[in-house]
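Colleague: Here it is: the structure, laid out below.
The values are calculated or read from the model by the stated rules, or taken from the named source; none is laboratory data. Owing to the predicted nature of the structure, the values given are computational and were not obtained by experimental measurement. Note that each Cβ is placed from the backbone with ideal geometry, even for glycine, and that neighbours are counted across all protein chains shown.
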Ligand SMILES: [Zn+2]
């Protein structure tokens, strides 16, 4: 079994004019095309593998990608595995050997030693240091403006929440706000919230945050309750080898927020996009979880289960955005 042609790959993974191909996907496209010109050449297959991994790494689970609607991603993955199994010495047939090869390919690529055979522009994301330090990945120009507005809103909320909580004891408005999202304002609880809000504002100001636009995934499916927690390693066997490499990628030193369709798809930019950024960052900064979503559940926690409210990402996010929008 050979590797599918570039034309077949492009036809089967096309999603229409509104779904631009990411830089990593374009890299993979180019690698498939080049391999087609040198079928069977292992150097080109290594490039293709590395490009596949680089793209799949961004996907969570590449087989769940919309690009796999026709099964093209699964087919390509199987074709790469089959090629390896028929073209390598027996010692390399073991999946662990394959995994090592894939890692090696990815490492060489990361070090710039394994170059694609064609020159294409690879965008490293749009870096913005004007307010905090944000890298925007895979937003088109219109979406980029929306995302920047959302970041600015979330940033402003973070600062206002930090200041606001200091006056809970002296301001009726602030006392009511606290009660609404965190319950009874006992000194200990106010203190805990106050420290959490300060940590959040600190993160907005000083941590590098990557916002990755991934409209084909859902916000909360990355890794169960904690989208930033350590990834699990799959069984190293058969086809899951590739799954392991996808899952083995760590988030690195900065904070990486994967944003799904509703990030920009929600008609309300404050409760949609800005709230999402704040919500997702609380998972990383405050190690919050998702006991429940939405205003009603969050207010329910505040009233009846205040300990849960303190652990729930949405409670923190609603508290923060309530400073710039009545909710
Ligand atoms: Zn969450």
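Colleague: State yes or no: is residue 26 surrounded by fewer than 18 Cβ atoms within 10 Å (Cβ to Cβ), without any contact (Cβ under 8 Å) to a residue 40 or more places away in the chain and within 29 Å of the chain's Cα centre (by Cα)?
Modeller: In short, no.
Colleague: Name the residues in the stretch 148-172 that are crowded, with 21+ Cβ neighbours inside 10 Å and either out of contact with any helix residue (DSSP H, G or I) (no Cβ under 8 Å at 6 or more places or on another chain) or in a helix (DSSP H, G or I) (or both), would you?
Modeller: 150, 151, 153, 154, 157, 158, 161, 164, 165
Colleague: Right, here's the next one. Specify the residue that is nearest to the ligand (Cβ to nearest atom); the eligible residues are those in the stretch 298-319 that are out of contact with any strand residue (DSSP E or B) (no Cβ under 8 Å at 6 or more places or on another chain) and farther than 10 Å from residue 181 by Cα.
Modeller: 308
Colleague: Which condition from (1) more than 19 Å from the chain's Cα centre (by Cα); (2) modelled with pLDDT of 85 or more; (3) over 16 Å from residue 207 (Cα atoms) is the one that residue 116 breaks?
Modeller: Against the list (1) more than 19 Å from the chain's Cα centre (by Cα); (2) modelled with pLDDT of 85 or more; (3) over 16 Å from residue 207 (Cα atoms), residue 116 comes up short only on (2).
Colleague: Do the conditions hold for residue 159, that is, is it at pLDDT below 95 and away from the ligand (no atom under 16 Å from the Cβ)? I'd like the intermediate steps shown before the answer.
Modeller: Numbers: at pLDDT below 95: no; away from the ligand (no atom under 16 Å from the Cβ): yes.
So residue 159 fails the test.
Colleague: Could you go through the stretch 260-274 and let me know if any residue there is farther than 26 Å from residue 67 by Cβ, more than 11 Å from the ligand (Cβ to nearest atom) and modelled with pLDDT of 90 or more.
Modeller: Filtering the stretch 260-274 down to residues farther than 26 Å from residue 67 by Cβ leaves 267-271, 274.
So of that shortlist, the ones also more than 11 Å from the ligand (Cβ to nearest atom) come out as 267-271, 274.
Now narrow it down to the ones that are modelled with pLDDT of 90 or more: 274.
Looking through the stretch 260-274, at least one residue is farther than 26 Å from residue 67 by Cβ, more than 11 Å from the ligand (Cβ to nearest atom) and modelled with pLDDT of 90 or more.
Colleague: Testing residue 195 on (1) modelled with pLDDT of 95 or more; (2) more than 16 Å from the ligand (Cβ to nearest atom); (3) in contact with a helix residue (DSSP H, G or I) (Cβ under 8 Å, 6 or more places away or on another chain), one condition comes back false. Which one is that?
Modeller: (3)
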